[in-house]
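Student: This structure is in structure tokens; I'll ask about it shortly.
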Amino acid sequence: MQNDSPWLRAFRGLAGAVLIVWLVLPLIPLAIWSFARGWFFPDILPKQWTLSAWEYALSDRAGVIDSLGLTIGISLAATVLSILVGVPAGRALGLYKFRGKELIELLILAPTIVPGIAVALGIHSVFITLGLNNTVGGVVLVHLVPTLPYMVLVMSGIFANYDPAFESQARSLGASWLKTFWYVTFPAILPGIIVGGLFAFLVSWSQYILTLLIGGGRVVTLPLLLFNFATSGRNDITGAIGIVYILPGIIILILTARHLSGRNGAVGGFGRI
Amino acid sequence: MTHVSLKDLTKVYPGSKVPSLDRLSLEIPTGELTALLGPSGCGKTTTMKMIAGLLTPTSGDVTFDDRSILREKPEHRGVVMVFQNYLLFPYMSVADNIGFGLKMRKVDKSEIDRRVGEMLDLVKLPDLGKRRPSELSGGQQQRVALARALIVQPKVLLLDEPLSNLDAHLRFEMRDLIRSLQQEMGITTIFVTHDQEEAVVLADKVALILDGRLCQYDHADVFYKRPANEAVARFFGGQNFIPGQSSGTAFDSALGQLALPQNAITGKGTLTFRPENVKIGPSQTNGLTAILEDRIYLGTQTRLRLRVGETMVEAIANPDEVGDFEVGGPVPIHLPPQALWVLQ
């Protein structure tokens, strides 16, 4: 690093700045809108400021707080289920060779390629017969369709670099399989669970079409609420809810950034997308 | 204090027609150090995993003191395996690694600390308890792995290629450590290796396994003096195999008639003798005149390729003994009768 030429360093700095501007710039009008009382062309900034949009957004009438709780609950449930299914699936795909492995990998990846609406329409008719339509449980289950591929890919990357002989060693030293998992396997795969769980949470958090179709408009998560206000033309309230909506993502990213470095085996699985 | 016996132990892996291990029977007395020797893929590691409970045999039985252990889970067998690459848990300190087995047995924290301290002294790593395994050298890691296994005072200790990852000077140190600890604690120990030198140096008795079958089970020196068959002799570096006819006291072959030691078999057979037992110089008994075809100087010894009539004879001699002989010239040799062995 120290031997890089000044030009290379300058370029790296510039690229970083462009990336930050690219990501942050669209959020600035959102924040400004949430404090504006009218904001009209050709004004660069609104003429008058107010907290009324925030007052409304955080009041009981808007339903934002309820919706935030519901969205967090659904995303957490989808994340936990993804981990419970994704860890064994990733282990099978990362450690073992078996007939039909490529087909299973393709099927797990398919939801990231097939349009969500096509998936949702098929599942919709199945869920009607199961009575899962318009329920929170149904929404959680359908969120697994887009979250599982990320979880499984991350875990198969982790297990590809994992030596199961450590488990044999623990067993032979007197550990039951449960203790073996807790003391030996779990610490080794924890980085993958964190990264995969993070992806699963954020993917579930940002679902719109699947929630709308399976929830039937009765399960109103934040993106649905946001869309209602966005289409009703209330830019100030949309701005306030928008900020609430992106906060968890930013908090999670800050908390787990150190697990996302390129040296981490957990992100290795993504090479296969 | 455990007598281990393997009874017709067989393993056929799914999808394979040929057994990886074919009816292996062995009696391993209490407190002995036994080597399972064989090339890679001969079934020796399979055997070890079946004793440890990490693999289920297709048929046959493993008993400890005449009690079958096949139904017991790996963690209840009292067998500890030390793997070739040590497998120290990377998230734990050296002390936590060594204490792992006691922690699984719910021993008190203070008792664990005390015994871990003792083990660290025993394997001569007294001050390294707080280190991470990755901060240790290969030899130190192996000693930690050994300490981690011995601390639970297993009935049976299994070692996978215990010396093969070590430098030459560490090998003898480790050999002495393993032998002294094993003798002191009296733990029945089985180790697998592909290296005949490792087997001979460390073990009380050696079981040679080739292609999933037990070829010979005996004290190490017997493999050199009285190999069971040509494959065994070749595995231990034998190179001279001469077909002929034995009368019990003499052997008729392309080398002429050679006097045999007592108790040799009679009938058709193959004469074998080790290259290092071919003596340079004339003799009344079993003296031959050979032509020197080639010589390779190896520092402490010289390898000679000799021809007697149409038969090639490989010999290893002290460089001083063969100083003057020239390639293409005659060399007087003799084969002491006690160095000869007739294979069926």
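Student: Work out the length of the dipole vector of the protein assembly as shown about its Cα centre, built from +1 on the beta-carbon of each Lys and Arg and -1 on the beta-carbon of each Asp and Glu, and round it to the nearest 20 debye.
Tutor: Magnitude of the dipole: close to 1820 debye.
Student: Grab the beta carbon distance between A:Tyr96 and B:Asp127, set R0 = 35 Å, and tell me the FRET efficiency rounded to 0.05.
Tutor: Between A:Tyr96 and B:Asp127 the formula returns 0.25.
Student: Moving to a separate point now. Would you mind getting me the FRET efficiency between B:Asp176 and B:Arg234? Use the beta-carbon distance for r and R0 = 22 Å, nearest 0.05.
Tutor: 0.15
Student: Looking at A:Gly100, A:Ile117, A:Thr79, which one has the Cα that reaches farthest to the positive end of the dipole of the stretch A:46-149 (charges on Cβ: Lys, Arg +1; Asp, Glu -1)?
Tutor: The one lying farthest along the dipole's positive direction is A:Gly100.
Student: Compare B:Ala95, B:Ala168, B:Ala207 in a GNM of chain B, Cα atoms joined below 10 Å, and give the one with the largest fluctuation.
Tutor: For chain B, modelled as a Gaussian network with Cα springs under 10 Å, the answer is B:Ala168.
Student: Using the basic label-point model (7 angstrom from Cα toward the beta carbon), what is the A:Leu76 to B:Ser247 distance in nanometres?
Tutor: 9.6
Student: Of the trypsin sites (Lys or Arg not before Pro) in the stretch A:16-118, which ones lie in a loop per DSSP and count no more than 15 other C-beta atoms within 10 Å?
Tutor: A:Arg37, A:Lys47, A:Arg61, A:Lys97, A:Arg99
Student: Once you put a point 7 Å from the Cα of B:Ala168 and another 7 Å from the Cα of B:Tyr13, both along the Cβ direction, what distance in nm separates them?
Tutor: About 3.5 nm, to one decimal.
Student: Ok, one more. Looking only at the stretch A:228-250, which residues have a backbone nitrogen under 17 Å from a spot 7 Å from the Cα of A:Ser59 in the C-beta direction?
Tutor: A:229, A:234-241
Student: Okay, moving on. Once Lys and Arg get +1 and Asp and Glu get -1 on their Cβ, which of B:Ala52, B:Leu36, B:Gln142 lies farthest toward the positive end of the dipole of the protein assembly as shown?
Tutor: B:Ala52
Student: Can you compute the charge dipole magnitude of the stretch A:62-272 about its Cα centre, using +1 on each Lys and Arg Cβ and -1 on each Asp and Glu Cβ, nothing else charged? Give it in debye, rounded to the nearest 20.
Tutor: Rounded to the nearest 20 debye, it is 400 debye.
Student: Continuing with this model, one more query. Based on the Kirkwood radius over alpha-carbon pairs, what value in µm²/s does the Stokes-Einstein equation return for the translational diffusion coefficient of the stretch B:1-100 at 37 °C and 0.692 mPa s?
Tutor: Answer, rounded: 219 µm²/s.
Student: Next question. Could you list, in their original order, any pairs among B:Lys17/B:Lys155; B:Lys106/B:Lys155; B:Lys11/B:Lys106; A:Lys179/B:Lys11; B:Lys103/B:Lys124; B:Lys49/B:Lys106 whose Cα atoms are separated by more than 24 Å?
Tutor: B:Lys17/B:Lys155; B:Lys11/B:Lys106; A:Lys179/B:Lys11; B:Lys49/B:Lys106
Student: Using a Förster distance of 41 angstrom, determine the FRET efficiency expected from the C-beta separation of B:Lys268 and B:Val327, and round it to 0.05.
Tutor: On the way: r = 35 Å, r/R0 = 0.85.
Rounded to the nearest 0.05, the efficiency is 0.75.
Student: Still on this structure, I have one more. For the protein assembly as shown, build the charge dipole from Cβ charges (+1 Lys, Arg; -1 Asp, Glu) around the Cα centre, then report which of A:Ala200, A:Leu27, B:Val322 sits farthest towards its positive end.
Tutor: The residue sitting most towards the positive pole is A:Leu27.
Student: With the convex hull built on the Cα atoms of the protein assembly as shown, state its orientation-averaged projected area in nm².
Tutor: Result: a mean projected hull area of 44.0 nm².
Student: Counting pairs of Cα atoms in the stretch B:57-165, how many percent are more than 16 Å apart?
Tutor: For the stretch B:57-165, the share of Cα pairs beyond 16 Å comes to 60 percent.
Student: Next question, about the same structure. Taking N as the number of residues in the stretch A:1-152, what is its Cα Rg relative to 2.2 N^0.38 Å?
Tutor: 1.58
Student: Using the Kyte-Doolittle scale, find the helices of chain A whose mean hydropathy is at least -0.5 and whose Cα atoms extend 30 Å or more along the helix's long axis, counting only whole DSSP H runs.
Tutor: Working: long enough: A:64-95 (44 Å, 1.66); A:136-160 (35 Å, 1.88); A:235-256 (32 Å, 1.86).
Helix filter hits for chain A: A:64-95, A:136-160, A:235-256.
Student: Name the most mobile residue of B:Lys11, B:Lys268, B:Lys205, meaning the one with the largest mean-square fluctuation, in a Gaussian network model of chain B with Cα contacts below 10 Å.
Tutor: Most flexible of the set in this elastic network: B:Lys268.
Student: Evaluate the relative contact order of chain A (contact order divided by residue number), counting alpha-carbon pairs under 8 angstrom at least 6 apart; express in whole percent.
Tutor: 28
Student: To the nearest µm²/s, what D does Stokes-Einstein give for chain B at 4 °C and 1.567 mPa s, using the Kirkwood radius over alpha carbon pairs as Rh?
Tutor: Working: Rh = 22.8 Å.
Translational D for this selection: 57 µm²/s.
Student: How many angstrom lie between the Cα centre of the stretch B:70-105 and the Cα centre of the stretch A:36-58?
Tutor: Result: 65 Å between the Cα centres.
Student: Could I have the simple spin-label model distance between A:Thr50 and A:Leu27, label points 7 Å from Cα toward Cβ, reported in nm to one decimal?
Tutor: For the pair A:Thr50/A:Leu27, the computed spacing is 2.6 nm.
Student: Still on this structure, I have one more. Rank A:Phe40, A:Phe127, A:Phe159 by mean-square fluctuation in a GNM of chain A with C-alpha springs under 10 angstrom and give only the top-ranked residue.
Tutor: So, out of A:Phe40, A:Phe127, A:Phe159, the one fluctuating most is A:Phe40.
Student: I need the P(r) histogram for chain A: all alpha carbon pairs, bin width 10 Å from 0 out to the longest distance, whole percents.
Tutor: The calculated distribution, bin by bin, is 6, 22, 27, 24, 15, 5, 1, 0.
Student: Is the C-alpha gyration tensor of the stretch B:269-344 telling us rounded, prolate or oblate? Criteria: a/c under 1.5 is rounded; beyond that, a/b larger than b/c is prolate, otherwise oblate.
Tutor: Verdict is prolate for the stretch B:269-344.
Laboratory data are not the source of any read-out in this text; all were calculated from the coordinates shown. Note that the structure is a prediction, hence the values are computed from the model and not measured. Note that we place each Cβ from the backbone using ideal geometry, even for glycine, and neighbour counts take in every protein chain shown.
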